[in-house]
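Working notes, structure below.
The values are calculated or read from the model by the stated rules, or taken from the named source; none is laboratory data. All values reported here derive from a predicted model rather than from experimental measurement. All Cβ positions, glycine included, derive from the backbone under ideal geometry; neighbour counts span all protein chains shown.
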Amino acid sequence: MEAAVVLVRFFAFVAGVTLFGAPLFMLYSLPRGDLGPRTLRSVLLLAAFVSGLAAALGLVLQTGEMAGDPSAGLDPATLGDVLASGGFGVATGLRIVVGVLALVLLFLLPAGRRSWAAAATLGALSLAAIAWSGHGGADEGAAGLVHAVADVVHLLSAGVWLGALAGLVLLLSRPAPGSAALVALHEALKGFSGVGSAVVSAIVASGLANSWFLVGPRHIRDLAGALWGQLLLIKLLVFAAMLGLAALNRFKLTPRLEAALTVDPTSALGALRRSLYLETTAALAVLALVAALGRLAPPISG
């Protein structure tokens with residue numbers, strides 16, 4: 001059951017950052033009138049479905065875990081009690097509703113800026129609810145509020161970055177050398193470069209705040225001795241690798257693509273594609289680590 005919960009959390013994170021960050025990226029990086037890649041609507045529909053399904057499965061699994069009986073997760077009365085019992089139940093119920101609503105709106109609205117805005121808004125609500133139902137929602141009082149807000153900021157900031165990666169990968173599947181779509185890809189890369197600096201700052205600041213609540217100054221030296229700390233250190237290493245790849249994209253590969261737009265962009269596109277695929281793989285690894293960390297007791301609780 002533990003592995004199933006971690007897997008469901010992982011898919012919830014992937015779906016949430018895609019539903020939020022990918023359409024948001026299209027809104028601020030593409031010019032009006034550009035509908036983006038044709039596959040975007042299908043990807044967002046899948047993300048909405050997975051987001052709602054992951055919330056429902058998470059409710060079933062964790063209800064069974066809390067009751068000490070897996071079959072309790074299939075009992076409507078017990079599920080209703082959990083939904084009404086507090087932060088986790090309310091946040092999970094919100095995520096299920098958001099997933100269904102996103103599916104409906106994406107089906108009804110034509111592809112374009114209105115559907116992107118709706119998806120991004122609902123994706124933000126889903127990510128915030130995930131944060132509120134985790135470690136960030138466990139503390140009480142003013143400190144608990146600060147921790148929860150830091151957790152929400154951390155996830156939303158990550159969603160902007162990782163969603164932009166999803167959007168760029170989709171755009172990379174669209175252009176042919178010399179096409180207008182190739183120029184749009186370059187403009188999108190330039191558009192994210194300014195946003196990226198602010199996003200990294202928000203991730204670092206909120207991550208430090210979370211570390212204060214979850215680790216605390218007294219436990220820093222003990223991190224490597226416990227599984228929670230080991231996973232956190234691995235996460236930080238992967239995050240550092242993502243920063244390196246992002247810097248490579250911004251300062252080398254994007255200018256290289258611009259220089260090749262009027263000549264032969266094939267080589268520049270290939271290098272950019274490899275770098276973005278590596279960065280996306282690292283991002284998925286980070287989300288997997290976050291899914292596992294959320295199921296372990298942090299050092300501050302010891």
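Only residues that are surrounded by fewer than 20 Cβ atoms within 10 Å (Cβ to Cβ), in contact (Cβ under 8 Å) with a residue 40 or more places away in the chain and over 15 Å from Gly167 (Cβ atoms) were counted across the range 187-204, and they come to 2.
Given the residues Val90, Val6, which is the only one that is of a type in the set (Val, Ile, Thr), under 15 Å from Ala128 (Cα atoms) and in a helix (DSSP H, G or I)? Reasoning before the result, please.
Values: Val6 fails: under 15 Å from Ala128 (Cα atoms).
Just one listed residue meets the conditions, Val90.
Just wondering, is there one or more residues in the range 203-222 that are among the hydrophobic types (A, V, I, L, M, F, W, C), touching a Leu at 6+ places or on another chain (Cβ under 8 Å) and assigned to a helix (DSSP H, G or I)? So far as the range 203-222 goes, no, none of its residues is among the hydrophobic types (A, V, I, L, M, F, W, C), touching a Leu at 6+ places or on another chain (Cβ under 8 Å) and assigned to a helix (DSSP H, G or I).
Let's see how each residue does on (1) touching a strand residue (DSSP E or B) at 6+ places or on another chain (Cβ under 7 Å); (2) closer than 14 Å to Ala15 by Cα; (3) in a helix (DSSP H, G or I); (4) touching a residue at least 40 places away in the same chain (Cβ under 8 Å):
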| position | (1), (2), (3), (4) |
| --- | --- |
| Arg32 | no, no, no, yes |
| Pro37 | no, no, no, yes |
| Arg41 | no, yes, yes, yes |
| Ala54 | no, yes, yes, yes |
| Val60 | no, no, yes, no |
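Inspection of the range 28-39 identifies at least one residue that is at pLDDT 85 or above and surrounded by fewer than 16 Cβ atoms within 10 Å (Cβ to Cβ).
Residue by residue, here is whether (1) small (Gly, Ala, Ser); (2) surrounded by fewer than 18 Cβ atoms within 10 Å (Cβ to Cβ); (3) in contact with a Pro (Cβ under 9 Å, 6 or more places away or on another chain); (4) within 22 Å of Val286 (Cβ to Cβ) holds:
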residue: Phe25; (1), (2), (3), (4): no, no, no, yes
residue: Leu46; (1), (2), (3), (4): no, yes, no, yes
residue: Gly52; (1), (2), (3), (4): yes, no, no, no
residue: Pro76; (1), (2), (3), (4): no, yes, no, no
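Any residue that is under 30 Å from Ala148 (Cα atoms) and within 18 Å of the chain's Cα centre (by Cα) - is there at least one of those in the range 217-229? Give the derivation first.
Let us first name the residues in the range 217-229 that are under 30 Å from Ala148 (Cα atoms), namely 217-229.
The next check asks that each one be within 18 Å of the chain's Cα centre (by Cα); those that pass are none.
No, every residue in the range 217-229 fails to be under 30 Å from Ala148 (Cα atoms) and within 18 Å of the chain's Cα centre (by Cα).
Taken over the range 28-86, residues that are farther than 30 Å from Leu109 by Cβ, touching a Leu at 6+ places or on another chain (Cβ under 7 Å) and of a type in the set (Gly, Ala, Ser) amount to 1.
Quick grid of which residues meet (1) out of contact with any helix residue (DSSP H, G or I) (no Cβ under 9 Å at 6 or more places or on another chain); (2) surrounded by 14 or more Cβ atoms within 10 Å (Cβ to Cβ); (3) among the aliphatic types (A, V, I, L, M):
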residue	(1), (2), (3)
Ala224	no, no, yes
Ala241	no, yes, yes
Arg256	no, yes, no
Ala259	no, no, yes
Val263	yes, no, yes
Leu269	no, yes, yes
Ala285	no, yes, yes
Leu289	no, yes, yes
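Considering each residue of the range 149-176, count those that are at pLDDT below 85 and either crowded, with 21+ Cβ neighbours inside 10 Å or out of contact with any Leu (no Cβ under 9 Å at 6 or more places or on another chain) (or both), and give that number. The number of residues fulfilling the criteria is 1. Could you grab me the full set of residues in the range 254-302 that are part of a helix (DSSP H, G or I), of a type in the set (Ser, Thr, Tyr) and more than 22 Å from Arg9 (Cβ to Cβ)? Thr254, Thr266, Ser267, Ser275, Tyr277 - these are the residues of the range 254-302 that are part of a helix (DSSP H, G or I), of a type in the set (Ser, Thr, Tyr) and more than 22 Å from Arg9 (Cβ to Cβ).
Considering the range 34-74, and only residues there that are among the hydroxyl-bearing types (Ser, Thr, Tyr) and more than 22 Å from the chain's Cα centre (by Cα), the residue that is nearest to Val98 (Cα to Cα) turns out to be Thr63.
Going through the range 79-88 one residue at a time, which ones are crowded, with 16+ Cβ neighbours inside 10 Å and without any contact (Cβ under 8 Å) to a residue 24 or more places away in the chain? Listed by number, the residues that qualify are Leu79, Val82. For the range 93-126, how many residues meet the condition of being farther than 21 Å from Ala12 by Cα, without any contact (Cβ under 8 Å) to a residue 12 or more places away in the chain and part of a helix (DSSP H, G or I)? Counting residues in the range 93-126 that are farther than 21 Å from Ala12 by Cα, without any contact (Cβ under 8 Å) to a residue 12 or more places away in the chain and part of a helix (DSSP H, G or I) gives 2.
Table: residues versus (1) farther than 28 Å from Phe192 by Cβ; (2) without any contact (Cβ under 8 Å) to a residue 12 or more places away in the chain; (3) acidic (Asp, Glu); (4) in contact with a Ser or Thr (Cβ under 7 Å, 6 or more places away or on another chain).
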residue: Ser206; (1), (2), (3), (4): no, no, no, yes
residue: Ala209; (1), (2), (3), (4): no, no, no, no
residue: Gly225; (1), (2), (3), (4): yes, yes, no, no
residue: Arg250; (1), (2), (3), (4): no, no, no, yes
residue: Leu284; (1), (2), (3), (4): no, no, no, no
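Restricting attention to the range 183-196, does a residue exist that is small (Gly, Ala, Ser) and over 20 Å from the mean Cα position of the chain (by Cα)? Yes, there is a match, as at least one residue in the range 183-196 is small (Gly, Ala, Ser) and over 20 Å from the mean Cα position of the chain (by Cα).
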